[in-house]
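Written below as C-alpha cells is the structure these notes are about.
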Amino acid sequence: MASVYQSMQTAELDALIEQLEEEASEVRARGLKLDMARGKPSVEQTDLSRPMLDVLNSSSVLQDEGVPADNYGVPDGLPSARKLAAELLGVNADQVIVNGSSSLNLMHDVVVNAYTKGIAGCDPWCRQGTVKFLCPSPGYDRHFAVTARYGIENVPIAMLSDGPNMDEVERLVETDASVKGIWCVPKYANPTGITYSDEVVRRFASLKPAARDFRIFWDNAYVVHDLYDEGDKLLNIFDAIAEAGTANLVYEFSSTAKITFPSSGMAFVTASADDIAEIRSAFSIERVSPEKLSQLAHVGFLHDVAGVRAHMAKHAQILRPRFELVQNKLSVGLGDLGIATWTNPRGGYFVSFDGPCGSAKRIVALMQELGVTLTGAGATWPGGNDPQDSNIRIAPTFPSLENLGNALDVFVLAVKLVAARIERESR
Ligand SMILES: Cc1ncc(COP(=O)(O)O)c(C=O)c1O
C-alpha cells in the first residue's frame, strides 16, 4: 500500500521520527502496565453469569429428565444439555456429546484418537508417515499447537475476506492423501472476525478428500457471540453436507466458555452418526462421565437458545463499546496514513491488524517496552512464522474501556514509529 511516509522528504521523515521518539519516551516514563494479549472476557462479563452459581444448592433435585446428575453415567451428557447444545448448533441432539469444560480439550482428544488409534478404518495417523493439517492463517494459535505437538505438519492457507482460500483447500484436500484435517473457525474467526460465506461453506461440504480419514475441524466457538442485534449468518455445514450428499466430513465443536465462565463452561462436539459413534467409543475409555452438575446449572440458568441469546445481548452491551473504541482509535490515528489495515468484526473476540511488512515483531517489542503486552507477533501463524511479519491480533475484551483506550493510543504511536523507521531504513 502507498503510504504517506513514502511521499515524505527524508528530512521531513527524520523530523517525524524524532517527534514520535519523544512521544514514546514520555509514554515509557509513565510506567504503564496494560494487557491486550489474550481473548478473555472482562470481569463485568463473567459477573453476568454469577446467578448461575445460585441455580443449584443442597436442596436441588439433582435429576434431569429422570436421569441422575449426581452420579456416574450418562456419558454423552444430560439430555437437556445435549438438547441445548444441539439447538445452538442446529443439529440433532442424538449426535451431540456434551463433555468437559473446554472445547479445545475435545479437539485435542479427537486429534489424539485419530493419531494413536486411527479413524474410519484407516491406520492411525502416527503410522502413516507424513501427516498434514491445513491452517487458515492468521488463525488460532492453540489449534496449531495441538497438531504441531503430535508432529503433524501445519500447512498455512491464506484467509480471504469470505473464508479460507478454497481453491487451495480443494487442491490440497482432494489430491494429497496425507492431508488429514483443516482447522476452521467459521463464524467471527479468530483473529480476523470474518464469517465464512455460504459459498465457502458449500465448497467445504462438497469436498471429496483424497484421504478417507480427512475431517474438517469446525470450531464454532463464536456461534452466538454477536455484537449487534443482527449478527453474521453462517450456513449450517451439516445442512450443506446433506445438500451435497457427502458424509463423515465434519467434526463440529463449541462451548459455553465465553457465554458463562471460561474453563467452567460446558463443551460439546457433534458429527455424523458414524463419526460420533467413533468419538463416543474413544471418550468411553478416556472419561468416566461428564460434569453433570455443571450441565444442570447451565441449563437451569440459560434454559434454551432464546435464553442464551438474551444473555449474549448483555455481553454485547459490554463488548460493543470496546470494539467501537478500537475502530475509532485506529481510524483517527492511522486511517489516513496508508500504513495499516485492520478488520471490523461484528462479533467474536478479536480484531486482526496488519502493518507494513517486517513491522509486527518490532511493534510488539516496542509496545512491551512502552508497557503494553500484545499477543506475540507471528502467533497467528503455524510455527509462529508470519511470512510477512505484519499481523497483530488485538484482543479488546478484557481491559477496562479506559485501559483499552490508553493501550490503543500507545499502539497507534508504536505503529507510526515503526512504520516511519522502516521507511527511513529503506532509503
Ligand atoms: C476459536 C477458539 N476455539 C476455542 C477456544 C477455547 O474454547 P474452550 O475454552 O471451550 O476450550 C477459543 C478461546 O479463545 C477460541 O478462540
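The values are calculated or read from the model by the stated rules, or taken from the named source; none is laboratory data. What you are looking at is a predicted structure, and each value in this text was computed from that prediction instead of being measured. Note that we place each Cβ from the backbone using ideal geometry, even for glycine, and neighbour counts take in every protein chain shown. Side chains are part of the model used for accessible areas, which takes the heavy atoms of the whole protein and leaves out ligands, DNA and RNA. Shrake-Rupley method; radii C 1.70, N 1.55, O 1.52, S 1.80 Å.
For this structure, a couple of remarks:
- Degrees between helix 292-302 axis and first principal axis of the chain (Cα, 0 to 90, nearest 10): 70
- Segment 273-300 and segment 232-271 have their alpha-carbon centroids 15 Å apart.
- Backbone geometry of segment 276-285 corresponds, through the Karplus equation with coefficients 6.51, -1.76 and 1.60 at θ = phi - 60°, to 3J(HN,Hα) couplings of 5, 5, 5, 5, 4, 5, 5, 5, 5, 8 Hz, x marking Gly and Pro.
- Cα centre as origin, Lys/Arg/Asp/Glu Cβ charges: the chain dipole, Debye: 620
- Put Phe398, Phe301 in order of accessible area, highest first, and with a 1.4 Å probe you get Phe398, Phe301.
- Segment 101-124 and segment 154-176: distance between their alpha carbon centers, rounded to Å: 22
- When the convex hull of its Cα atoms is projected in every direction, mean area for the chain (nm²): 21.7
- Local net charge near Arg50, Cβ-Cβ under 14 Å (Lys/Arg +1, Asp/Glu -1): -2
- The amide H of Gly118, built 1.01 Å from its N in the peptide plane, has Trp125 as neighbours under 5 Å, considering only residues 5 or more places off or on other chains.
- ³J(HN,Hα), Karplus 6.51/-1.76/1.60, whole Hz, each residue of segment 218-233, x for Gly, Pro: 9, 8, 8, 4, 10, 4, 10, 9, 7, 8, 10, 3, 8, x, 5, 9
- Residues Trp342, Trp125, ordered by accessible area of protein heavy atoms at a 1.4 angstrom probe radius and largest first, appear as Trp342, Trp125.
- Peptides ranked, highest mean first, by Cβ atoms within 10 Å: ranges 365-375, 168-178: 365-375, 168-178
- Cβ-defined net charge surrounding Gly355, 14 Å radius [Lys, Arg +1; Asp, Glu -1]: +1
- In terms of packing, defined here as the mean over residues of other Cβ atoms within 10 angstrom, the peptides 277-290, 136-149 line up highest first as 136-149, 277-290.
- Volume per residue that the Cα convex hull of segment 364-416 spans, once the total is divided by residue count, Å³: 74
- Extension gain, Glu168 to Glu243: 0.36 nm times the residue separation minus the Cα-Cα distance gives 24.7 nm.
- Between 0 and 90°, nearest 10: helix 79-89 axis offset from the chain longest Cα axis: 40
- Highest-first packing order for the peptide set 182-192, 224-234 is 182-192, 224-234, based on the mean count of other beta carbon atoms within 10 Å.
- HN-Hα J in Hz across segment 182-199 - Karplus 6.51, -1.76, 1.60, θ = phi - 60°, x for Gly and Pro: 9, 8, 10, 10, x, 10, 6, 3, 8, x, 6, x, 7, 10, 4, 6, 4, 5
- Local electrostatic count, Ala282, Cβ distance below 14 Å [Lys/Arg +1, Asp/Glu -1]: -3
- Amide H contacts under 5 Å for Arg215, placed H, 5+ residues apart: Gly181, Ile182
- Taking 7 Å steps out from each Cα toward its Cβ at Glu230 and Arg309 produces label points 1.5 nm apart.
- Accessible area in the full protein assembly, largest first, 1.4 Å probe, for Arg421, Arg28, Arg127: Arg127, Arg28, Arg421
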